[in-house]
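A short worksheet on the structure shown next.
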Amino acid sequence: MSKIKVAIIFGGCSSEYQVSLVSASSVIRNMNKEKYEVIMIGITKIGDFYLYNGDIDSIEKDNWFNESRVEKITFSSNKSDKGFIILKTGELVKIDIVFPILHGKNGEDGRLQGLMELSDIKYIGCNMISSSICMDKYISKKLVEMSGIPTSKSYSFSSLDSYSDIEDKISDLNYPIFVKPLASGSSYGITKVKSKKNLKDAIKKAFTYDDEIIIEENIDGFEVGCAIMGNKELIIGEVDEIELSTDFFDYTEKYTLKTSKIHVPARLDEDIRKQIKMTALSIYKTLKCSNLARVDMFYTKDKKIVFNEVNTLPGFTSHSRYPSMLKKSGYSFSEIIDKLIELGLKK
């Protein structure tokens, strides 16, 4: 039997470019090369697409871009082509499925998904609409709240709003509050604001990552997460728990765990973990997720489950939260990759 042609896309025009390189390297190393023909496609920080023909280590070290190892490409929007074109030669390279291992803007927000749908190329992950909704922290919260699941009290603003308008609108929020870019990941641009005197700087910082922001009340509890995989028949991973010694799970803590710990399973009794899983499942369905997502929530001191956000393309190293939760449910890293490709081909 011929191998399945899987195009792994990494990099991207995003603040999470470096995270993508590490995730993609891990996935490529753990793919069954007897089953898959791996085609590596890198996106530069300015958004240009290249077919990459070098070694995996160079991706992780961000040494992949070298004229002798890359060829500039563009995806064909002709539905019959189902692939990309090497610009120098005009050669069409057909592929069976795309695995976009991209985090944040331009990869996780529905834009790339829309390109794949326009080109009629199968891909792994939530569809364009779901990806876009989940990336928008404010809209996703409102939809989940309408379904009956608690969320933090929040407001959204654009760069056109004046500081005085923002200050007036959030006057009913109790400090501490969080100021976040509306559509960004890996905790970039997020500030926990403990008093009004620090608000203006936090808003300015968030706007450097996005032209829209969200300001929300702090939830008095700890973060829990749940990995979900599937389309109709859903596989639910074990619940994890983030133990913090800092104000919040910022970029440094997420990728170094210098002072934080992640417990899988969460240090909660089985009945509570089951409630969290069912809540995550409800959120996954409400936001029309498919293939995969990591649903992040809070478990509060008064024993409530509060929605935080959904990551439609979560971190994908062998020790990242998403595969770690599914590992506790009996799936190895390679098996997760196999299952996601299978799901993407059926979608």
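Based on alpha-carbon positions alone, could you give the equivalent ellipsoid semi-axes of the chain from the gyration tensor, as √(5λ), descending, whole Å? Display every interim value, and only then the final one.
Numbers: eigenvalues 234, 111, 66 Å².
They are 34, 24, 18 Å, listed from largest to smallest.
Measure off, as a whole percent, the carbon and sulfur share of the 1.4 Å-probe accessible area of the chain, all protein chains present.
49 percent
Can you tell me how much longer the chain between residue 162 and residue 44 gets when fully stretched, taken as 0.36 nm per residue apart minus their C-alpha distance, in nm with one decimal?
So the chain would gain 39.1 nm between residue 162 and residue 44.
From the residues 83, 26, 236, which one has its Cα farthest along the dipole of the chain in the positive direction, the dipole being from +1 and -1 charges on Cβ of Lys/Arg and Asp/Glu about the Cα centre?
It is 236, whose Cα lies furthest towards the positive end.
Starting from the Cα gyration tensor of the stretch 193-347, take the square roots of the eigenvalues, sort them a ≥ b ≥ c, and report rounded, prolate or oblate (rounded when a/c is under 1.5, otherwise prolate if a/b is larger than b/c, else oblate).
prolate
I want to check the label-to-label distance for residue 342 and residue 194. Put each point 7 Å from Cα in the C-beta direction and report it in nm to one decimal.
5.0 nm
How much length is gained if the chain between residue 243 and residue 332 is pulled fully straight, taking 0.36 nm per residue apart and subtracting their Cα-Cα distance, in nm to one decimal?
Net length gain for the segment: 29.6 nm.
Find how many whole Å separate the alpha carbon centroid of the stretch 293-308 from the alpha carbon centroid of the stretch 12-34.
So the two Cα centres are separated by 28 Å.
Among 218-228, 195-205, how do they line up from the highest to the lowest mean number of other beta-carbon atoms within 10 Å?
Going from most to least packed, we get 218-228, 195-205.
How much length, in nm to one decimal, is gained on full extension between residue 201 and residue 68, taken as 0.36 nm per residue of separation minus their Cα-Cα distance?
Full extension from residue 201 to residue 68 adds 43.4 nm.
Would you work out the charge dipole size for the chain about its Cα centre, treating the Cβ of every Lys and Arg as +1 and the Cβ of every Asp and Glu as -1, and quote it to the nearest 20 debye?
Computed charge dipole of the chain: roughly 460 debye.
Among 155-168, 59-72, what's the highest-first ranking by average C-beta atoms within 10 angstrom per residue?
Ranking, from highest mean packing down: 59-72, 155-168.
Using a 1.4 angstrom probe, figure out how much accessible area the chain has per residue, in square angstrom, rounded to the nearest whole.
Accessible area per residue: 46 Å².
What is the sum of charges, Lys and Arg at +1 and Asp and Glu at -1, for the other residues whose Cβ falls under 13 Å from the Cβ of residue 29? Mind dumping the intermediate values first?
On the way: positive: 33; negative: 55, 57, 60.
Net charge around residue 29: -2.
Which value in deg cm²/dmol, rounded to the nearest 500, describes the helix-derived mean residue ellipticity at 222 nm for the chain, given -39,500 (n - 2.57) per DSSP H run of n ≥ 4 and division by the residue count?
That comes out to -8500 deg cm²/dmol.
The values are calculated or read from the model by the stated rules, or taken from the named source; none is laboratory data. Remember, it's a predicted structure, so these values are computed and weren't measured experimentally. In this analysis, Cβ positions are derived from the backbone assuming ideal geometry, glycine residues included, and neighbour counts consider all displayed protein chains. With ligands, DNA and RNA removed, areas are computed over all heavy atoms of the protein, side chains included. Shrake-Rupley method; radii C 1.70, N 1.55, O 1.52, S 1.80 Å.
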